[in-house]
Structure formats: structure tokens, C-alpha cells
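Just so it is clear, none of the values below were taken in a lab; they were calculated from the coordinates. Since we're looking at a predicted model, the values are computed, not measured. Methodologically, a virtual Cβ is constructed for each residue, glycine included, from the backbone with ideal geometry; neighbour enumeration extends over all protein chains shown.
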Amino acid sequence: MAKAAVAQETLSYCTSCKIDLAHLIVAMKGDQIAKVECKTCKKIHAYKAPKGVTEVAPKKKRASKKASDEAQSASTIEAEWEKLMNAHKEAPFKPYGLKSKFALGDKIKHPNFGEGIVGKLIYPNKLEVIFRTDIKVLIHGGAPN
Ligand SMILES: [Zn+2]
């Protein structure tokens with residue numbers, strides 16, 4: 001590429017148009033482009049490197065995103081829990097115990113986690129129980145032998 005010089009065309013960020021545009025070099029400062037004229041709005045302004053080239057991709061706000069994801073999943077669990085609780089309104093709560101056997105949709109009263117509902121049976125002796133704010137995998141009496 002030819003060395004930059006006055007009257008040559010260059011890509012610059014236009015401070016007026018707010019985008020990268022073709023500019024004509026108006027003034028040089030040593031090897032550096034000092035001033036450019038926007039071919040679109042004809043404004044003469046200091047040379048600014050094209051944004052598309054120099055702009056660093058915005059950093060992901062990982063911390064806050066993670067927090068909102070967690071809040072999101074917690075409220076999703078609660079919504080699911082409420083839905084299941086409503087769907088099985090008539091079913092009695094069974095106290096949770098290692099030896100007890102549970103079926104899909106059974107309501108469980110757990111001493112630590114509170115009221116939950118069996119969302120999934122994991123063969124042979126585990127249950128996925130949806131509690132109000134969390135999903136827990138619990139052990140139960142399991143499938144009949
Ligand atoms: Zn412009």
C-alpha cells in the first residue's frame with residue numbers, strides 16, 4: 001500500500017457521521033495522518049482510526065450476566081413448582097424417608113427442603129424433586145424387586 005499522503009483517500013472514523021467512511025487526507029504530521037476531510041459530509045476533522053478496526057469488542061459483563069441467569073433459573077423453578085403444586089392440588093403430602101417409595105407427581109414434605117413434587121424418577125432408587133427454589137435428587141425406596 002502506498003504511503004499515506006495529502007489528497008489521498010483513507011478510511012477514517014467520521015466524528016460527524018459517526019461511522020467509518022472514506023476521507024481525503026488534508027494534513028499529515030510526519031508519517032501520521034493528522035487531518036482528513038469526510039467525503040460524505042465534507043467536514044474536516046482530526047483523523048480517527050476506523051472504529052471497525054481499532055474498537056475492542058465490548059467485554060462481556062460476565063458477573064452480572066451470571067447473576068441474572070441464576071435469578072432467572074430460580075424464578076423458573078419456582079414457576080414450575082407452583083404449576084406442579086396446582087396440578088396436584090388434591091394429592092396429599094408424603095413425608096420424605098429413605099425407605100419410602102415415591103411415584104411421579106407425588107408430593108413430598110422434606111424436613112430441610114420443604115414441600116416438593118417428584119418431577120422425575122431415576123432408576124432404580126433416585127428421585128428428582130422440584131422444591132420451591134431448587135431441584136434436588138433424593139434417594140428413596142426405589143423400584144419394587
Ligand atoms: Zn462525515
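Observations on the model:
- Considering residues of the stretch 7-43 that are of a type in the set (A, V, I, L, M) and surrounded by fewer than 13 Cβ atoms within 10 Å (Cβ to Cβ) only, the residue nearest to the ligand (Cβ to nearest atom): ILE19
- Contact map, the stretch 69-82: first residue in contact (Cβ under 8 Å) with a residue 24 or more places away in the chain and more than 17 Å from LYS120 (Cβ to Cβ), second residue among the hydroxyl-bearing types (Ser, Thr, Tyr) and surrounded by 11 or more Cβ atoms within 10 Å (Cβ to Cβ), Cβ cut-off under 8 Å, separation 6 or more or different chains; pairs are ALA74/THR133; GLU78/THR133.
- Condition check for LYS136: loosely packed, with under 11 Cβ neighbours inside 10 Å and not aromatic (Phe, Trp, Tyr): no
- Selection from the stretch 92-133 of residues that are within 19 Å of THR76 (Cβ to Cβ) and assigned to a loop (DSSP other than H, G, I, E, B): PHE113, ARG132, THR133
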